[in-house]
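Report on one structure; see the data block that follows.
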Amino acid sequence: MRVLVSVDMEGAAGVVDREDVSPGEGAYEHNRALLTAEANAAVRGVYASEPGAQVLVTEAHGPFRNLVPEQLDRRAELLRGKPKPDGMLAGLGDGVDAALFIGYHGKAGTPCSVLAHTIHGGVVADVRCDGRSLGELGLNATLAAHRSVPAVLVSGDDSVAAEAAEVAPAMHTVVVKRALGASAAALLHPGEACDRIEREVPRALADREAIAEAMGTLRFDGPVRLEVDVLKPHMTERALLVPGVERAGGCTLRYTAPDFPTAYQVTQLIIMLGGI
């Protein structure tokens, strides 16, 4: 078995504020260690299920340089830095059998959700594919489904667990904190959070065939009408230079992609251009 572990940061136990996940801020270095511990818990869970497995851990937050490499379980291979093919899911095309999402968060606009956003909190208000609103969880689970890889587990706060129940009901969830607001939560002890992740991973992997079958509903067959709402009109201007991208409103960009993987890539491009 080959397993991809995608590691974001806002959903980690202990994290509640933007400073907690921002390089250069006082709490960031401490939270890097907590995040690495959660990644290690997922890796241990994989090996408890499949001792002969191969594990890829891919960085999925901000600069994609957050995990502490020397603290990561030495059995895993780390994919670090950016840009990477497939972004938050770099490594997905390497014969992967299952994907795990660690430290994930709610999508932009989610009420009572810790640090909720979609890809870039300073640019994006919403991303829709054929009218369906998708956050990072939904976008990544859908991309995995299109590559025939089941996303079997997500960890984070209770809002992302609720989002998973809506987007991918068969996915296993590990709630490591209960959101009290955008920058407040009732937290599990980090050690307890790691224990719960480690225990749940083997169960999720055991269910991967059923999850793969259920995730067929995430697939978009044929062309995909992509719409990205940005926060301010000027954030549309550079993206309009991309052939095929058009304005569908003051802050909305539209693009008809030939398939979902292309829509995923164009979403990344629009956000990169909007943030310049």
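The values are calculated or read from the model by the stated rules, or taken from the named source; none is laboratory data. Remember, it's a predicted structure, so these values are computed and weren't measured experimentally. Quick reminder, even Gly has a Cβ in these numbers, built from the backbone with ideal geometry, and neighbours come from all protein chains shown. Side chains included, ligands, DNA and RNA excluded: accessible areas come from the protein's heavy atoms. Shrake-Rupley method; radii C 1.70, N 1.55, O 1.52, S 1.80 Å.
Give the residue from V123, G103, H172 lying farthest towards the positive end of the charge dipole for region 84-215; charges sit on Cβ (+1 for Lys and Arg, -1 for Asp and Glu) and the dipole is referred to the Cα centre.
Result: V123, furthest along the dipole toward the positive end.
Would you mind computing the Rg to Rh ratio of region 149-276 from its alpha-carbon coordinates, Kirkwood style for Rh?
Working: Rg = 18.6 Å, Rh = 17.2 Å.
That ratio equals 1.08.
When the chain is treated as a GNM, springs tying every alpha-carbon pair under 10 Å, which of H172, H30, H120 comes out with the largest mean-square fluctuation?
H30
Which value, in Å to one decimal place, does the Kirkwood hydrodynamic radius take for region 36-88 when every pair of different Cα atoms is included?
Final number for the Kirkwood radius of region 36-88 is 11.6 Å.
Counting other Cβ atoms within 10 Å, keep those with at most 11, restrict to DSSP loop, and tell me which trypsin sites (Lys or Arg not before Pro) in region 37-110 are left.
Loop-located and lightly packed - R74.
Highest GNM mean-square fluctuation, the chain, Cα pairs closer than 10 Å: which of Q71, Q265, Q54?
The residue with the greatest mean-square fluctuation here is Q71.
Give, rounded to the nearest 20 debye, the magnitude of the charge dipole that region 27-130 has about its Cα centre when Lys and Arg contribute +1 at Cβ and Asp and Glu contribute -1 at Cβ.
That gives region 27-130 a dipole magnitude of about 240 debye.
Report the convex hull volume per residue for region 203-259, counting only C-alpha atoms, in Å³.
Details: hull volume 6.8 nm³, N = 57.
Cα convex hull per residue, to the nearest whole number: 120 Å³.
Let me spell out the model: positive unit charges on the Cβ of Lys and Arg, negative unit charges on the Cβ of Asp and Glu, origin at the Cα centre of the chain. What dipole size does that give, in debye rounded to 20? Mind showing how you got there, number by number?
Working: 26 positive and 36 negative charges, 87 e Å.
So the dipole magnitude of the chain works out to roughly 420 debye.
Work out the length of the dipole vector of region 209-270 about its Cα centre, built from +1 on the beta-carbon of each Lys and Arg and -1 on the beta-carbon of each Asp and Glu, and round it to the nearest 20 debye.
Using Cβ point charges on Lys, Arg, Asp and Glu, region 209-270 gives about 340 debye.
Return the Rg/Rh ratio of the chain with Cα-based radii and a Kirkwood Rh.
0.95
Where does helix 260-274 land angle-wise versus the long Cα axis of the chain, in degrees 0 to 90, nearest 10?
Orientation of helix 260-274: about 80 degrees from the principal axis.
Quick check: net charge around P258, other residues with Cβ under 12 Å of its Cβ, Lys/Arg +1 and Asp/Glu -1?
Counting the neighbours of P258, the net charge comes to -1.
Given a 1.4 angstrom probe, I'd like the percentage of the accessible area of the chain that is carbon and sulfur, rounded to a whole number.
Within the chain, the accessible surface is 50 percent carbon and sulfur.
What nm value, rounded to one decimal, do you get for the distance between R147 and L241 when each label is placed 7 Å out toward the C-beta?
Between R147 and L241, the label points sit 2.9 nm apart.
To the nearest 500 deg cm²/dmol, what mean residue ellipticity at 222 nm is calculated for the chain from DSSP H runs of n ≥ 4 alone, each contributing -39,500 (n - 2.57), summed and divided by the residues?
Calculated mean residue ellipticity at 222 nm is -9500 deg cm²/dmol.
Sorted from largest down, give the three principal axis spans of the alpha carbons of region 1-122, whole angstrom values.
On the principal axes, region 1-122 reaches 39, 26, 26 Å in Cα extent.
Can you work out ³J(HN,Hα) from phi for every residue in region 158-167, in order, using Karplus 6.51 cos²θ - 1.76 cosθ + 1.60 and θ = phi - 60°, giving whole Hz and x for Gly and Pro?
So the J values, rounded to whole Hz, are 5, 6, 6, 5, 5, 5, 4, 4, 8, 7.
Under a Cβ-Cβ cut-off of 14 Å, what is the net charge of the residues other than G275 that fall near it, where Lys and Arg count +1 and Asp and Glu count -1?
With Lys, Arg at +1 and Asp, Glu at -1, the neighbours total +2.
Just read off the accessible area of V15 with the full protein assembly in place, 1.4 Å probe, to the nearest 10 Å².
V15 exposes around 0 Å² with every protein chain in place.
Compute the acute angle (0 to 90°) between the alpha-carbon long axis of helix 136-146 and the principal axis of greatest extent of the alpha-carbon atoms of the chain; round to the nearest 10°.
Approximately 90 degrees, to the nearest ten.
Give me the 1.4 Å probe accessible area per residue for the chain, excluding ligands and nucleic acids, in Å².
40 Å²
So which trypsin sites (Lys or Arg not before Pro) in region 149-248 pass both tests, a DSSP loop state and at most 14 other Cβ atoms within 10 Å of the Cβ?
Counting only loop positions with at most 14 other Cβ atoms within 10 Å, the trypsin sites (Lys or Arg not before Pro) in region 149-248 are R219.
Roughly how many Å is it from the Cα centre of region 195-220 to that of region 9-49, as a whole number?
One Cα centre to the other: 22 Å.
Dimensions of region 82-157 along principal axes (Cα, Å, largest first)?
That gives 36, 26, 26 Å along the principal axes, largest extent first.
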